[in-house]
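Please treat every number below as a calculation from the coordinates, not as lab data. Worth saying up front: this structure is predicted, and the values here are computed from it rather than measured. Cβ coordinates were reconstructed from backbone atoms using ideal geometry, including for glycine residues, and neighbour counts include every protein chain displayed.
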Amino acid sequence: MQRSEPEHIHAMSTTILPPPTPAPYSAPVAIPPGVGERAQLGGFGINWKIDGVHSDKRFSVVHHPLAPRALAAPLHRHHREDEYSYVISGTLGALLGDDVVTAAPGSWVFKPRGQWHTFWNAGDTPCEIIEVISPAGFENYFRELAAVWPDMAKAAAIREKYELDVNPSSVPELIARFGLVAAPPAPPTTAGTSAI
């Protein structure tokens, strides 16, 4: 007996990406693996999947691949958005306030606005997370940071624009405490500061 799909389910024979127009959409939208704008800031990567324009500014989604033992950012806190990280592969470490969390694949880590935090790849193999940012807008911070990378002097104005407090002096202690490496400014094989 051949099984048929319900009428409301449509088989997608072609890839449909989010249109460059604001939401809502009347057609189905699917974003397959491996597509989307990408940037690499040392051991910290950004792969944009859903921008605020696609969600009526309610949320955005980026993938962050992290090299082994890579620190993604100095201690920092957001004033406008919450972040929800879902671990796809590897092991994510995070410092949330004073608490240290280690998250395996399938785990979610919540980083609420106003909380000092940072995160890193806690393992010796690559780690990838999905980051849901709510409300949307902060996904553009990563675009602006990538455009000036590795000039961290220019990054200060970008952090101010996005109401992001950063403690750069936390990097050496985080590296020593958790056995990490900082995201190099350029080229990707040299030592340097972490991305955010």
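If R0 is 22 Å, what FRET efficiency do you get for Lys57 and Ala156 from their C-beta distance, rounded to 0.05? Efficiency, from the Cβ-Cβ distance: 0.30.
The alpha carbons of the range 38-180 give a radius of gyration and a Dmax of 14.0, 42 Å, in that order. Working from Cα pairs under 8 Å separated by at least six residues, relative contact order for the range 30-85 is 27 percent.
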